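Working notes for the structure below.
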Amino acid sequence: MLPKKIINSRVNEQIAREYLLKKFTRYGISDIKIDKTPLGMKVVLKTPKPGVLVTRGGQSLKEASNELGTYFKQEPPHIDIEQTEDQMLDPEVVADSIAFKISKYGPMKYKIIAHKALDDIINAGASGAEIEIGGVIKERAAHFKFRPHGSVMPKTGQLEDFGVRKAKKQLILKRGSIGIKVTIVVPTHAVGEVEFKDGRELEGAGARASENEHKKDTGTTAS
């Protein structure tokens, strides 16, 4: 019975998370934490602009609490609002920013926008970063990937142990849709016996990459 209860609990948490993300997506929700307390469910919404959510979405917060309570047949959960600590280490915020700038300046500015976002992420202290942009960018569909030199970017294993954060965003334009994927490795995480810092292993990887080392991007055109 215990494993079944655990599975049901996880499913319910995912249902609540997807519902809240859809309801408050306009406010730039970067993370949703759901905890169970003796008094019931507690929800924390993280956003770069908590004041906007409280003032403009106050009624929606009450509605969400009541609807969750009714759906799960329990007391309406208490919903707290917290500010995102560092926006440039939050892939949801970065993806939203890239989407906004592409819609404002046009798809042809995708390289400038992506490189500026990478600069901001690394300057915020990230150990690694990667931005993927795909869709109808030019005359036809294409896919481009951007990553700074020396960037730590785990691809397999328990990615949460490496501090990997990911976010996806879809932008709908007249010419078609554009997909944006942002991956950020938060700094100072120990992985096994190797500690990563500033985008390099502290031991066994040679000197650090120069601060002026150029970035490069690789692009492959879809057939």
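The values are calculated or read from the model by the stated rules, or taken from the named source; none is laboratory data. None of these values were measured; they are calculated from a predicted model. Cβ atoms come from the backbone with ideal geometry, glycine included; neighbour counts cover every protein chain shown.
Laid out as a table, the results:
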| item | result |
| --- | --- |
| Selection count, segment 24-51, where residues are in contact with a helix residue (DSSP H, G or I) (Cβ under 6 Å, 6 or more places away or on another chain) and farther than 20 Å from Leu89 by Cα | 1 |
| Yes/no for Gly57 being in contact with a Pro (Cβ under 6 Å, 6 or more places away or on another chain) and modelled with pLDDT of 75 or more | no |
| Condition met for Lys33 (in contact with an Asp or Glu (Cβ under 9 Å, 6 or more places away or on another chain) and either modelled with pLDDT under 80 or not assigned by TED's automatic domain parsing to the domain that holds Glu132 (or both)) | yes |
| Residue within segment 84-105 that is modelled with pLDDT of 90 or more, basic (Lys, Arg) and under 19 Å from the mean Cα position of the chain (by Cα) present | yes |
| Condition broken by Leu39, with the remaining ones in (1) of a type outside the set (Gly, Ala, Ser); (2) under 30 Å from Ser127 (Cα atoms); (3) modelled with pLDDT under 75 satisfied | (2) |
| Members of segment 173-187 found to be outside any strand (DSSP E or B) and surrounded by fewer than 17 Cβ atoms within 10 Å (Cβ to Cβ), listed by number | Lys174, Arg175 |
| Residue list for segment 70-96, filter: buried (at least 19 other Cβ atoms within 10 Å of the Cβ), touching a Ser or Thr at 6+ places or on another chain (Cβ under 7 Å) and not β-branched (Val, Ile, Thr) | Pro77, Asp90, Pro91, Glu92 |
| Top-ranked residue of segment 21-43 - restricted to ones that are free of Cβ contacts under 8 Å to residues at least 24 places away in the same chain and either in a helix (DSSP H, G or I) or touching a Cys at 6+ places or on another chain (Cβ under 8 Å) (or both), ranked as surrounded by the most Cβ atoms within 10 Å (Cβ to Cβ) | Leu21 |
